[in-house]
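The values are calculated or read from the model by the stated rules, or taken from the named source; none is laboratory data. Nothing here was measured: the structure is a model prediction, and the numbers come from that model. Glycine gets a Cβ as well: all are built from the backbone with ideal geometry, and neighbour counts include every protein chain shown.
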Amino acid sequence: MTPNTVTFLNDVLAGLQQNPKTLSSKYFYDEEGSKIFQEIMDMPSYYLPKAELDIIHSQSKAIASHFRSKKVDLIELGAGDGRKMVHFVKILSKSTAELNYIPLDISSSILKVNRDLFEQEIPEIHVKPLAGDFFQTLPEIEDSTHTRIVLFLGSNIGNFRKEKAIEFLGFVGDHLQQGDFFLLGVDLKKHPRTIRNAYDDPGGITKRFNLNLLKRINRELNGDFDLQAFDHYATYHPITGASESFLISLQQQTVQIGDHEFEFEKNETIQTEISQKYDFPMLENLASESGYSIDSIYKDTDEQFAWVLMKVASH
Ligand code: AVJ
């Protein structure tokens, strides 16, 4: 077993030994899971990517105006192929004196795609990709006198519960100085049904996405989950802003993972994901609890999504 598989196994065992059972959403994204997530992003009911693109197209100039004539290191956490960011980076590069784009991602193959794209589309900037877990790679970025802007977009912060989100933002803040910025992409509270429909589509794509986690456990950890014997269930709480996803055991059953056994009651749940939605008081609170102050908030036309530009607060 590779070290990554050992970590996966330990996390899965620990999660299923808990009561209530949990599995971490960070394991959704194997090759098949990443493909299904692409399908999700194309669903009409999954409004998030469209709303974020609207922000990119309508607000990039306003955001870039903060950094006029500055030398900037733009560090993107979980950058992926970078396709959605080309427009923003182009606009930013027009107002800055110098721009380094530093995409961080787990996958070195996706970073190759990213680098090729940016070198092709914006040859005047420097692209310096770093592959690996960003808890490891972020501290490796060389100190410079440039202004840092850290990007964490796409509502990825939503997968953290409040304490974890604060811990994560604080960790990044430890690698920033006064005058640096964090640009955070968050999904906003809205009509509860709109959110429910985004996470529980009638075509069953999100169900396949959720069940794929069990399929991955079967393949990589020698499990014997019967995918027919579990259902997908998603719920949204309009006050807490938590959209939560579960797998539901449809019968009493025993599941093997390697030489471990897990008992499931009929209708027992495995919590697999939280996708947190925010309102402005919650964002104020999140920023101040993690050592930032909000400079400005940029929204799409329908006010579904937001990019929160936060400054490092004085220590
Ligand atoms: C990739 C974490 C932003 O929470 O909206 C989509 C993942 N889960 N549908 C989200 C997801 C179910 C997504 N993020």
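Conditions tested, residue by residue: (1) in contact with a strand residue (DSSP E or B) (Cβ under 9 Å, 6 or more places away or on another chain); (2) at positive phi; (3) assigned by TED's automatic domain parsing to the domain that holds Gln304.
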position	(1), (2), (3)
Glu163	no, no, yes
Phe168	yes, no, yes
Gln177	yes, no, yes
Asn197	no, no, no
Ala234	yes, no, no
Quick one: Asn218 ticks every box in (1) more than 16 Å from the ligand (Cβ to nearest atom); (2) in a helix (DSSP H, G or I); (3) surrounded by 19 or more Cβ atoms within 10 Å (Cβ to Cβ); (4) not assigned by TED's automatic domain parsing to the domain that holds Phe88 bar one, so which box is it? (3)
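Yes/no matrix, rows are residues, columns are (1) away from the ligand (no atom under 16 Å from the Cβ); (2) at pLDDT below 95; (3) surrounded by 15 or more Cβ atoms within 10 Å (Cβ to Cβ); (4) part of a helix (DSSP H, G or I):
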| position | (1), (2), (3), (4) |
| --- | --- |
| Gly15 | yes, no, yes, yes |
| Ile40 | no, no, yes, yes |
| Glu52 | no, no, yes, yes |
| Ser58 | yes, no, no, yes |
| Ser65 | yes, no, no, yes |
List every residue pair whose Cβ atoms sit under 8 Å apart, with the two residues 6 or more apart in sequence or on different chains, where the first one lies in the range 199-226 and is under 18 Å from Glu31 (Cβ atoms) and of a type in the set (Asp, Glu) and the second, anywhere, is within 16 Å of the ligand (Cβ to nearest atom) and outside any strand (DSSP E or B). Glu220/Asp30
Identify all residues within the range 18-28 that are more than 14 Å from the ligand (Cβ to nearest atom), in contact (Cβ under 8 Å) with a residue 24 or more places away in the chain, surrounded by 11 or more Cβ atoms within 10 Å (Cβ to Cβ) and not hydroxyl-bearing (Ser, Thr, Tyr); write none if there are none. Lys21
Pull up the range 179-204, narrow it to residues that are assigned to a helix (DSSP H, G or I) and surrounded by 20 or more Cβ atoms within 10 Å (Cβ to Cβ), then point me to the one that is nearest to the ligand (Cβ to nearest atom). Tyr199
Residues Phe225, Phe171, Phe209, Phe230: which one is among the aromatic types (Phe, Trp, Tyr) and under 30 Å from Val89 (Cα atoms)? Phe171
When you go through (1) within 16 Å of the chain's Cα centre (by Cα); (2) surrounded by fewer than 18 Cβ atoms within 10 Å (Cβ to Cβ) one by one for Glu31, which number turns out not to apply? (1)
Neighbours by Cβ (under 8 Å, 6+ apart or cross-chain): first from the range 145-165, touching a residue at least 40 places away in the same chain (Cβ under 8 Å); second within 12 Å of the ligand (Cβ to nearest atom) and among the aromatic types (Phe, Trp, Tyr): Ser155/Phe305
The listed residue being closer than 18 Å to Ser243 by Cα and touching a helix residue (DSSP H, G or I) at 6+ places or on another chain (Cβ under 8 Å), out of Phe262, Phe305: Phe305
Condition check: touching a His at 6+ places or on another chain (Cβ under 9 Å) and either under 30 Å from Glu303 (Cβ atoms) or assigned by TED's automatic domain parsing to the domain that holds Phe305 (or both). Does Lys189 satisfy that? no
